[in-house]
Amino acid sequence: MPGHRATYARHNPPRAVKSDAAPISEVTTRLKREYPDADTELNWRNPLELLVATMLSAQTTDVRVNMVTDHLFDRYRTAE
């Protein structure tokens, strides 16, 4: 439309963690208690591999991610 300007919602950056937030050890303890049988279909051996596999799983199936990351993690063992 001539003369029309699009308006966009203002981006609000995330706030810092609240000072009264539970420490991560308490959070993981609560999650393990609430979901004792929780598991993932993704194959991973360390936190970096889990992060990469999780990011890839947003784009395709876990089966396909496991096929790709099997070779990817053998070739690239660190984030460097």
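The values are calculated or read from the model by the stated rules, or taken from the named source; none is laboratory data. It should be emphasised that the depicted structure is a prediction, and the values quoted were computed from it without experimental measurement. Cβ: placed from backbone, ideal geometry, glycine included. Neighbour counts: every protein chain shown. Remember, those area values only see protein heavy atoms, side chains included, never the ligands or the DNA or RNA. Shrake-Rupley method; radii C 1.70, N 1.55, O 1.52, S 1.80 Å.
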Report task. Please specify each residue of the stretch 44-59 satisfying the condition of being under 13 Å from L72 (Cα atoms), touching a residue at least 12 places away in the same chain (Cβ under 8 Å) and assigned to a helix (DSSP H, G or I). Result -> L48, E49, V52, A53, L56
Query raised in the report: Exactly one of (1) more than 16 Å from the chain's Cα centre (by Cα); (2) modelled with pLDDT of 90 or more is unmet by P2. Its number?
Result: (2)
Query raised in the report: Which members of the stretch 16-54 meet the condition of being open to solvent by 100 Å² or more (accessible area, probe 1.4 Å) and either in contact with a Ser or Thr (Cβ under 8 Å, 6 or more places away or on another chain) or basic (K, R) (or both)?
Result: K18, R30, K32, R33, W44, R45
Query raised in the report: Residues of the stretch 24-43 being under 19 Å from the mean Cα position of the chain (by Cα) and either in a loop (DSSP other than H, G, I, E, B) or at pLDDT below 75 (or both), which ones?
Result: Y35, A38, D39, T40, E41, L42, N43
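Within the stretch 60-80, how many residues turn out to be open to solvent by less than 70 Å² (accessible area, probe 1.4 Å) and part of a loop (DSSP other than H, G, I, E, B)? If you could, list the steps in order and put the result at the bottom.
Taking the stretch 60-80 as the starting set, the residues that turn out to be open to solvent by less than 70 Å² (accessible area, probe 1.4 Å) are 60, 62, 65-66, 69, 72-73.
Next, from what is left, pick out any that are part of a loop (DSSP other than H, G, I, E, B): 60.
Matching residues across the stretch 60-80 total 1.
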